[in-house]
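Since the structure comes first, as structure tokens, the remarks are kept for the end.
The values are calculated or read from the model by the stated rules, or taken from the named source; none is laboratory data. Bear in mind the structure is a predicted one, so any value in this text is a computation, not a measurement. Every residue, glycine among them, receives a Cβ derived from its backbone with ideal geometry; neighbour counts consider all protein chains shown.
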Amino acid sequence: MKTGFKAFWTSFFFFIALMVNHCGDIEHKNPLDPENPDTHGKVIITISDPLEGQNVTREYRVEGTVSPRAEITVFVHPLATNEYWLQNFPIVKNDGSWQSDCYFGRENLGAGEYYEVFAVTPKEKLKVGDVLYSFPENTNISDIVTVYRPQ
């Protein structure tokens, strides 16, 4: 019985080591990257929530779809500034639906203002919290949705 137990755990740890080693080699390839030979065409990104003109809270979960499934980033642009705020990276499910918790201003700043929210397949690696001062370079973009955060 000890031999079977030992063989099981040896096999289990070998499998885990193999999976960890393999997963470390996985790299995101942008579907429209000209250097990527696996390109398949245009990526369609939609935002289903919030809708155009809708009121949002300071923290709001933005939802949509991406087809074919791809890595995307979400930005919030306060219309009173030239800043584009990178939001939390969306969770993209196998069916292409995604969601991202976004911030429209700060706790005591940004109420009573309009914002744009949109998603892109980025051309460059970005970090959550990055602030860009021009429209982000992208290969695909969703519709730009304008929302309002009431007082």
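Within the stretch 141-151, restricting attention to residues that are over 13 Å from the mean Cα position of the chain (by Cα) and part of a strand (DSSP E or B), the residue that is nearest to GLU71 (Cα to Cα) is VAL145.
Among the listed residues LEU86, LEU51, LEU79, identify the single one that is at pLDDT 95 or above and touching a Lys or Arg at 6+ places or on another chain (Cβ under 9 Å). I'd like the intermediate steps shown before the answer.
Values: LEU51 fails: touching a Lys or Arg at 6+ places or on another chain (Cβ under 9 Å); LEU79 fails: touching a Lys or Arg at 6+ places or on another chain (Cβ under 9 Å).
Result of the check over LEU86, LEU51, LEU79: LEU86.
Can you give me the number of residues within the stretch 125-135 that are under 10 Å from TRP85 (Cα atoms) and either touching a residue at least 60 places away in the same chain (Cβ under 8 Å) or in a loop (DSSP other than H, G, I, E, B) (or both)?
The qualifying residues number 4.
Restricting attention to the stretch 61-82, report how many residues are surrounded by fewer than 22 Cβ atoms within 10 Å (Cβ to Cβ) and farther than 11 Å from PRO122 by Cα. Qualifying residue count, the stretch 61-82: 12.
Looking across the stretch 96-151 at every residue that is at pLDDT below 95, among the charged types (D, E, K, R) and closer than 19 Å to THR46 by Cα, the one that is surrounded by the fewest Cβ atoms within 10 Å (Cβ to Cβ) is identified as GLU137.
Could you check how many residues of the stretch 94-120 are outside any strand (DSSP E or B) and of a type outside the set (Asp, Glu)?
Matching residues across the stretch 94-120 total 8.
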